[in-house]
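The structure appears right after this line, and notes come after that.
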Amino acid sequence: MTQYVVGFAFTENRQEVALIQKARSRSGFEWMIGKMNGIGGKVQGKENPFIAMSREFHEESGVVICPLDWRWCGKFSGEDYEVIVFSVFSDKLRGVHTCSEEGEIHLVRVADISELPTVANLDWLIPLVMKRDLTAFEVMEK
């Protein structure tokens, strides 16, 4: 089973979130190109998901967030994959805006999410992972 991580990094005041607008994608994920999503990627080998989340976020945004600062929110899974979802609240994000071959990082207002070109589940996923009292969720996809 292939394991992935995706993280939603919010400013401390919960008004903004860092998203990546994908410029390219690996085979099978072409539908993400041009759309905004959380920042993440593939877990390498036996890598701990928290470490993978911290590594992927740093590689794509240039911002270092300690692995233990990420909060495990839940996961999506299918027959041959699992996506672990994380969130973090940090003022390290102020002014983040980077561009790499993966895509462009934007710090966007949470209130504007529904007006942006995003992957379909962000309309409900972002409010869910922002909840202070969230217990982990699990979604089985077909």
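The values are calculated or read from the model by the stated rules, or taken from the named source; none is laboratory data. Everything numeric here is computed off the predicted structure, so don't read it as measured data. Glycine also receives a Cβ, built like all others from the backbone with ideal geometry; neighbour counts cover every protein chain displayed.
Quick check on the range 22-64: of everything there that is more than 17 Å from Glu101 (Cβ to Cβ) and touching a helix residue (DSSP H, G or I) at 6+ places or on another chain (Cβ under 6 Å), which residue is surrounded by the fewest Cβ atoms within 10 Å (Cβ to Cβ)? Filtering the range 22-64 for residues that are more than 17 Å from Glu101 (Cβ to Cβ) and touching a helix residue (DSSP H, G or I) at 6+ places or on another chain (Cβ under 6 Å), the one surrounded by the fewest Cβ atoms within 10 Å (Cβ to Cβ) comes out as Val64.
Residues in the range 113-123: is at least one at pLDDT 95 or above, hydrophobic (A, V, I, L, M, F, W, C), outside any loop (DSSP other than H, G, I, E, B) and crowded, with 18+ Cβ neighbours inside 10 Å? Scanning the range 113-123 turns up no residue that is at pLDDT 95 or above, hydrophobic (A, V, I, L, M, F, W, C), outside any loop (DSSP other than H, G, I, E, B) and crowded, with 18+ Cβ neighbours inside 10 Å. On inspection, Glu47 passes the criterion of being modelled with pLDDT of 95 or more and over 13 Å from the mean Cα position of the chain (by Cα).
For the criterion of being assigned to a loop (DSSP other than H, G, I, E, B) and out of contact with any helix residue (DSSP H, G or I) (no Cβ under 7 Å at 6 or more places or on another chain), Lys75 fails.
Among the residues of the range 78-112, just one is under 26 Å from Val139 (Cα atoms), part of a loop (DSSP other than H, G, I, E, B) and not charged (D, E, K, R), namely Gly78. Among the residues that make up the range 61-75, is at least one of them among the polar types (S, T, N, Q), within 22 Å of Asn121 (Cβ to Cβ) and within 12 Å of the chain's Cα centre (by Cα)? Checked the range 61-75: at least one residue is among the polar types (S, T, N, Q), within 22 Å of Asn121 (Cβ to Cβ) and within 12 Å of the chain's Cα centre (by Cα).
Would the range 72-93 turn up any residue that is aliphatic (A, V, I, L, M) and loosely packed, with under 15 Cβ neighbours inside 10 Å? The answer is no, given that none of the residues of the range 72-93 is aliphatic (A, V, I, L, M) and loosely packed, with under 15 Cβ neighbours inside 10 Å.
Annotation for the range 125-132: no member residue is part of a loop (DSSP other than H, G, I, E, B), in contact (Cβ under 8 Å) with a residue 12 or more places away in the chain, exposed (fewer than 15 other Cβ atoms within 10 Å of the Cβ) and on the phi < 0 side of the Ramachandran plot. Among the residues making up the range 1-27, those that are more than 22 Å from Lys131 (Cα to Cα) and among the basic types (Lys, Arg) are Lys22, Arg24, Arg26.
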